[in-house]
Amino acid sequence: MLKKISLSVLFLASLFLVVSCSTTKKASKSPSPASASSDAAKKPGKNDIQPYNKVITKDAVSDPGLFTVHKIDEAYLYEIPDSLFEREMLMVTRIAKTASGLGFGGGKQGEQVLRWQKKDKRVLLRMVSHSVVANDTLPVHEAVVNSNFEPVLFSFPIKAFGKDSLTTVIDVTDLYNKDVKPLGLPDRSRKQYKVTRLDSDLSYIESIKSYPLNIETRHVKTYNAGEPPSNATSGAISIEMSNSMVLLPKEPMKRRIFDQRVGWFTSGQIDYGLDAHESKRVTYLDRWRLEVKDEDIEKFKRGELVEPKKQIVYYIDRATPEQWREYIKQGIEDWQVAFEAAGFKNAIIAKDPPTVEEDPDWSPEDIRYSVVRYLASPIPNANGPHVSDPRSGEILESDINWYHNVMTLLRNWFFVQTAAINPEAQSVRFKDEIMGRLIRFVSSHEVGHTIGLPHNMGSSSAYKVDDLRDPEFTKKYGTAPSIMDYARFNYIAQPGDEGVALMPNIGIYDKYAIEWGYRPILDAETPEDEKKTLDSWILKHAGDPMYRFGKQQSGGVIDPSSQTEDLGDDAMKASAYGIANLKRIVPNLIKWTAEDGKDYSDLGTMYGEVLGQYNRYMGHVTANIGGVYEIYKTYDQEGAVYTPVGKAKQKEALQFLQKELFATPEWLLENDIFNRIEFDGSLERIRTTQTRTLDNILDFGRMQRMSENETINGNDAYGLLAMMQDLRKGIFSELSRGRTIDAYRRNLQRAYIDRMNYLMTKDQTPVPAQFRRFVSRTNVDVSQSDIRAIARAELKTLEGTIRSGLSRTNDTMSRIHLTDALQRIDAILNPKS
């Protein structure tokens, strides 16, 4: 009976289900033919995928390349081949055009590796980081991946698929029209100018161009800003940005590991996969991919020069004036001798670009071409940036930016540094062959940057000062072992040193550095395998100053042997020669700048150049006081890395400054010049010159290094107290004999008291730990150092000396000055609450 009931229940349940389904179907009736045709005619939704010809219409202007770029009215669409999804691409953001005070054209604002990725009905643009890595064969690789999730920069609905279904179309207009921060104004500028938001109504895409390996985008961004650097009444900043998206090689180049004993531009990563008890930063060289052809390997092993698989080629911008093209080319190909040291011939060459008729599609923005860009700009400079693969350091492309007014800079340097002995520089209009030779020099220097070399500011100190007066020596070695130093022109050479070289060439260090960075080590399979060979090349020249690298110091100079704009191994001797030449130039400035019908602006400019050069000499000398030499070494080399400048040299430096600067440099006071260029200013100009150096001597970091040196080395050091006593006695030397104190010296003495007040009341802003390796400055807690105690003692001593000096002088202005000085000192020592 139970069995029968159960079957009945099941039957009824089944019947109910059938009835229910049938009822449901009745509720949603089948569409009538009329309504079906209406649905078919309904337009697809905004984000629905549509047929290709509905999206890429006949009105589209298409530009094939890495992606095909379609422009329809004001919209831009990318057609991305499926083969390029998941490939890594480098986005380099630069300023293309800018407002006054807001950077400069060509200035790089940021780099970001990107990856295009398909996800359902959307395309994602993801930001890839290569800063943290581990080999994918190691267990730790998974942890690195999990802690390095790639953020999504932008998401695009798929508009259509290509006709062959092997491409995907997306609209990228908003990527460049909206405020996507990595592609626009960087945060530091936004904070500086108090940017509030992007004004989308005043922002637009200028152009997007596609090339085989890159896509170049120009877009104008207008930001509302509280403190714009110019055009303040607009309350806005408009800037044209350039975004270069470059396809990275599928197979990264083999790295070469960096060594700080050889200067190089670098890339780096934190590697968690090393056989060490900590994560370590691996740093590797930025360099071009120069490889030996398979058929030339045996020749290379025999020591024969071979051409690389792919040469480094620089094109000269079509806009470059004809008379300078050959000199720029020579500057590029000057580096061939350095690459020959690395085993390659014709490794670097210069070419003219094709004409518009020969190749209308040729463009300097094409990543396949490295170009010396000639820019019609008032900026007196040139620079050589490069684009490198962050995974390997491979340089992919480099453009040298050559600003028109760099010629003005070259003229001014050459005039002020060589006119005393060089008739070709005794004018403000140089012959074309002279200017051409200067252009060649700058071209070589900038190319050095584009092949991987930074400034080597320690190079010029390798030569003895008097060797730079020797024609035979300088013709063989130039004025420095490296053209990458700022060893401009030979200001040391004196009248009678005819035939002496006036500028550097590709030198011994340059050839050595290129060989170290570029010579293939064929029997090494990994970068680590190369290290023993690379170390042996360094040790072969250890201790030879011609092969030394000295970094460029920023924020101050600690190592006096690694300075900008200096020459020779002795700053005092070199500067004495330099000043002797300036004393020969000043009386001739009017004659050498004269031209009928012309005003005196060139005279004012060249007098300013003389003063600037004089200030450089003072800086070179000052750096010896409290200076510390930095000579990079490893455990297998003897001797210290850091060595304080010797006591005698530090004392000599201070004595030089007392004689050449603090004793009024009257040779600079040419009234015949002043009454042609200004109605006032000579008194203030000397004060400013003296105060700059005085403040540099009494720098917190310098004083702390002197104190520390004395603590460690005792009487062998030039102590802080001794230096302060010598400085005070020199600056107030009139007091001991009751001599008249003239206006120049009164200004200097007041500047000294003001600086002492600074030492007593101010603190040093410390350099954050993350920036210590970039900034040359000693951190010091002033209140807990000896600085204020010694400053107070010196002020008290000076107070007593002034009281005694008052009784020795009969000059009214001197007495007024000294009385005022006493009151200033009392205000420092006994400040009112």
I'm trying to understand the selection: among the residues of region 544-589, which are among the β-branched types (Val, Ile, Thr) and either buried (at least 19 other Cβ atoms within 10 Å of the Cβ) or more than 19 Å from residue 480 (Cβ to Cβ) (or both)? 557, 558, 579, 585, 586
Out of all the residues in region 416-449, which are in a helix (DSSP H, G or I) and among the polar types (S, T, N, Q)? 417, 418, 443, 444
For residue 685, the lone unmet condition from (1) in a helix (DSSP H, G or I); (2) buried (at least 18 other Cβ atoms within 10 Å of the Cβ) is (2)
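Kindly state which strands (runs of 3 or more DSSP E) lie completely within region 328-415 and contain at least 3 residues that are surrounded by 17 or more Cβ atoms within 10 Å (Cβ to Cβ). Full working, then the answer.
Values: elements: 348-351, 370-375, 386-388, 395-398, 400-403.
Filter on region 328-415 gives 370-375, 386-388, 395-398, 400-403.
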Leading residue by the ranking (farthest from residue 260 (Cα to Cα)) among those in region 484-499 that are surrounded by 22 or more Cβ atoms within 10 Å (Cβ to Cβ) and at pLDDT 95 or above: 493
Taking region 86-106 as the search range and keeping residues that are modelled with pLDDT of 80 or more and among the basic types (Lys, Arg), which one is farthest from residue 378 (Cα to Cα)? 87
Please specify each residue of region 170-206 satisfying the condition of being hydrophobic (A, V, I, L, M, F, W, C) and assigned to a loop (DSSP other than H, G, I, E, B). 172, 180, 185
Every listed condition ((1) assigned to a loop (DSSP other than H, G, I, E, B); (2) at pLDDT 95 or above; (3) crowded, with 20+ Cβ neighbours inside 10 Å) holds for residue 513 save (1)
Being closer than 20 Å to residue 450 by Cα and of a type in the set (Ser, Thr, Tyr) is the filter here; which residues of region 317-364 pass it? 320, 327, 363
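Yes or no, residue by residue, for (1) under 30 Å from residue 658 (Cβ atoms); (2) of a type in the set (Lys, Arg); (3) in a helix (DSSP H, G or I):
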{"site": "521", "(1), (2), (3)": "no, no, no"}
{"site": "553", "(1), (2), (3)": "yes, no, no"}
{"site": "561", "(1), (2), (3)": "yes, no, no"}
{"site": "576", "(1), (2), (3)": "yes, no, yes"}
{"site": "580", "(1), (2), (3)": "yes, no, yes"}
Take residue 676 and decide whether it is buried (at least 19 other Cβ atoms within 10 Å of the Cβ), out of contact with any Pro (no Cβ under 7 Å at 6 or more places or on another chain) and charged (D, E, K, R). no
List every residue pair whose Cβ atoms sit under 6 Å apart, with the two residues 6 or more apart in sequence or on different chains, where the first one lies in region 493-513 and is in contact (Cβ under 8 Å) with a residue 24 or more places away in the chain and over 23 Å from residue 327 (Cβ atoms) and the second, anywhere, is crowded, with 24+ Cβ neighbours inside 10 Å and not aliphatic (A, V, I, L, M). 508/481; 509/459; 509/481; 509/482
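Conditions tested, residue by residue: (1) more than 27 Å from the chain's Cα centre (by Cα); (2) in a loop (DSSP other than H, G, I, E, B); (3) surrounded by fewer than 20 Cβ atoms within 10 Å (Cβ to Cβ).
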residue	(1), (2), (3)
208	yes, no, no
229	no, yes, yes
233	yes, no, yes
237	no, no, no
241	no, no, no
250	yes, yes, yes
255	no, yes, no
Over region 86-100, the set of residues within 26 Å of residue 56 (Cα to Cα), outside any strand (DSSP E or B) and in contact (Cβ under 8 Å) with a residue 60 or more places away in the chain is 87
Please state which one of 583, 647 is farther than 25 Å from residue 424 by Cα and over 32 Å from the mean Cα position of the chain (by Cα). 647
Within region 782-812, the count of residues that are under 17 Å from residue 751 (Cβ atoms) and more than 41 Å from the chain's Cα centre (by Cα) comes to 4
When you check residue 608 against the structure, is it free of Cβ contacts under 8 Å to residues at least 60 places away in the same chain and more than 30 Å from residue 508 (Cα to Cα), yes or no? yes
Which one of these does residue 676 not meet: (1) assigned to a helix (DSSP H, G or I); (2) in contact with a Lys or Arg (Cβ under 9 Å, 6 or more places away or on another chain); (3) within 30 Å of residue 587 (Cβ to Cβ)? (2)
Would you be able to tell me the number of residues in region 378-436 that are of a type in the set (S, T, N, Q), within 21 Å of residue 328 (Cα to Cα) and within 21 Å of the chain's Cα centre (by Cα)? 5
Looking only at residues that are in contact with an Asp or Glu (Cβ under 7 Å, 6 or more places away or on another chain) and of a type in the set (D, E, K, R) in region 208-267, which one is modelled with the lowest pLDDT? 240
Residue 83 more than 25 Å from residue 177 (Cβ to Cβ), modelled with pLDDT of 90 or more and loosely packed, with under 11 Cβ neighbours inside 10 Å: yes
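For (1) under 16 Å from residue 707 (Cα atoms); (2) surrounded by fewer than 18 Cβ atoms within 10 Å (Cβ to Cβ); (3) not small (Gly, Ala, Ser), each residue gets a yes or a no:
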residue	(1), (2), (3)
765	no, yes, yes
776	no, no, no
790	yes, no, yes
796	no, yes, yes
799	no, yes, yes
807	no, yes, no
All-but-one check, residue 179 against (1) surrounded by fewer than 17 Cβ atoms within 10 Å (Cβ to Cβ); (2) modelled with pLDDT of 90 or more; (3) closer than 30 Å to residue 538 by Cα; (4) within 28 Å of the chain's Cα centre (by Cα), failing number (3)
Select from region 49-74 the residues that are aliphatic (A, V, I, L, M) and surrounded by 15 or more Cβ atoms within 10 Å (Cβ to Cβ) and write down the one among them that is farthest from the chain's Cα centre (by Cα). 49
Just one of 466, 470 is at pLDDT 95 or above, over 28 Å from residue 263 (Cα atoms) and not hydrophobic (A, V, I, L, M, F, W, C); which is it? 470
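The values are calculated or read from the model by the stated rules, or taken from the named source; none is laboratory data. Just so it is clear, the model here is predicted, and its values are computed rather than measured. Here Cβ is always computed from backbone atoms with ideal geometry, including for glycine, and neighbour counts include all displayed protein chains.
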